[in-house]
Amino acid sequence: MVDYSLLPNEGVLLKNESVWHPIGKRNGNIGELILTNLNLIYLKKSAFGGIKEVLKFPLNQIKIIDDNVQVIISKSSGNFCQMELFFINSHEVFIFNSLIKKQVLRWADKISELLTGHEANIDPSERNTIPGFGIATDLLKNTIGTFKEALKEKENVTNRCISCGAPLSGIKGEVKKCKYCGVKQTLK
Ligand SMILES: [Zn+2]
C-alpha cells in the first residue's frame, strides 16, 4: 500500500472519492481526486480499496493562455461529467462519477482561481445549463429590466433560449439570435 503526504505548506481544498482517470488500461478502478493549493493528486485504488498508486500533477504545470487556465468541461462517453486539463507535457482527463456538471465546474473554477485569481473560462452555454449558476443573476437583472420596460409602449420580454436556455431579451415578436449558441428565434 502506498501512502501520500502533503508538504507543510500544502492544504486540501477539494476532494472527490469517485473519479476515474483513464490511463493505460481502459477498465481501471475508481480513485480519489484531491486538489491542494499546489497539486492535483490522484489516488489510484486497488480492487480492495487500498491506494495502489499516487499520481501528482503540479498545478504550475497547467497551461495558461491569455490569463485563462486550459480546462474543458465535457461529457464522457457514458454521459458522466469530465474535466480535461492541459498540462505543459500532458493532457489529463478526470471523469467524475456524476451527471451533475456543477460539481465538476467547481473543480475547474477552484483550479482557475488558484492560478489566475478568477473563475474558469468555460463556454457560457455550458455554464448556463446549470440552474442557479451564473445565469440566475443575469436573469434577475433582465427581469427587473423587463418590469420597468413594460410600463413603456413596446413590450419588452425576456425569453429563455429554445436551444440552450440562456436569457434572451428584446421586443416581443422580434427575431433574435442567441449570443451564447447562435440559434435564431422569435421572442414571445
Ligand atoms: Zn442559446
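The values are calculated or read from the model by the stated rules, or taken from the named source; none is laboratory data. In this text the structure is predicted, and so the values were computed from the model without any measurement. Cβ: placed from backbone, ideal geometry, glycine included. Neighbour counts: every protein chain shown. In case anyone asks, the SASA skips ligands and DNA or RNA and just uses the protein heavy atoms, side chains included. Shrake-Rupley method; radii C 1.70, N 1.55, O 1.52, S 1.80 Å.
For the range 159-174, filtered to residues that are assigned to a loop (DSSP other than H, G, I, E, B) and open to solvent by 30 Å² or more (accessible area, probe 1.4 Å), the residue that is nearest to the ligand (Cβ to nearest atom) is S163. It is to be established whether one or more residues within the range 21-32 are closer than 15 Å to A108 by Cα and open to solvent by 50 Å² or more (accessible area, probe 1.4 Å). Within the range 21-32, not a single residue is closer than 15 Å to A108 by Cα and open to solvent by 50 Å² or more (accessible area, probe 1.4 Å). Among the residues of the range 91-103, those identified as in contact (Cβ under 8 Å) with a residue 12 or more places away in the chain and more than 13 Å from L35 (Cα to Cα) are E92, V93, I95, F96, N97, S98, L99, I100, K101, K102, Q103.
For residues that are of a type in the set (A, V, I, L, M) and loosely packed, with under 15 Cβ neighbours inside 10 Å, scanning just the range 65-96, find the one that is nearest to P124 (Cα to Cα). Give the derivation first.
Of all residues in the range 65-96, those of a type in the set (A, V, I, L, M) come to 65, 69, 71-73, 83, 85, 88, 93, 95.
Still in the running and loosely packed, with under 15 Cβ neighbours inside 10 Å: 65, 88.
Details: I65: 18, I88: 25 Å.
Of everything passing the filter in the range 65-96, I65 is nearest to P124 (Cα to Cα).
Contact annotation: no residue pair with Cβ atoms under 7 Å, 6 or more positions apart or on different chains, pairs a residue in the range 104-119 that is under 17 Å from S74 (Cβ atoms) with a partner that is acidic (D, E) and surrounded by fewer than 17 Cβ atoms within 10 Å (Cβ to Cβ). So, Q82, is that one among the polar types (S, T, N, Q) and at pLDDT 95 or above or not? The answer is no for Q82. Quick check on E126: is it modelled with pLDDT of 50 or more, outside any loop (DSSP other than H, G, I, E, B) and outside the structural domain of G31 (by TED's automatic domain parsing)? It is true that E126 is modelled with pLDDT of 50 or more, outside any loop (DSSP other than H, G, I, E, B) and outside the structural domain of G31 (by TED's automatic domain parsing).
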